[in-house]
């Protein structure tokens, strides 16, 4: 409807002019242009033909040729960057431990390293 409204405005016609030229009842073009409101009307096959004729328009069907979807992956996406020679296996020493994680285990490991007894935590 927005395209029909733009065409009507480009021709300098009012809604009443379109109604008179199409043979529609007075105010019907306004209801068609306000199709999204409660008082609006939807464009049916009969009123569409009359409205298009009044605006000097026709509907044409045009087939759109779209390329078929690719089944083969793009070779550029399959390549892994191998520069830098950083393709070795990671070990635990490569990662930084964040403080506060697994505190009991860390306290036990520190105590074993220092050969000091671990004070048992009170049962909850």
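Derivation of every value follows stated rules applied to the coordinates shown; laboratory data play no part. Bear in mind the structure is a predicted one, so any value in this text is a computation, not a measurement. With ideal geometry, Cβ positions are generated from the backbone for all residues, glycine too; neighbour counts draw on all protein chains shown.
Figures for the structure shown
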| item | result |
| --- | --- |
| Overall form of the range 1-44 per C-alpha gyration tensor (a/c, 1.5; a/b vs b/c) | oblate |
| Sorted peptide list for 23-33, 57-67, 5-15, 104-114, criterion being average Cβ within 10 angstrom, highest first | 23-33, 5-15, 104-114, 57-67 |
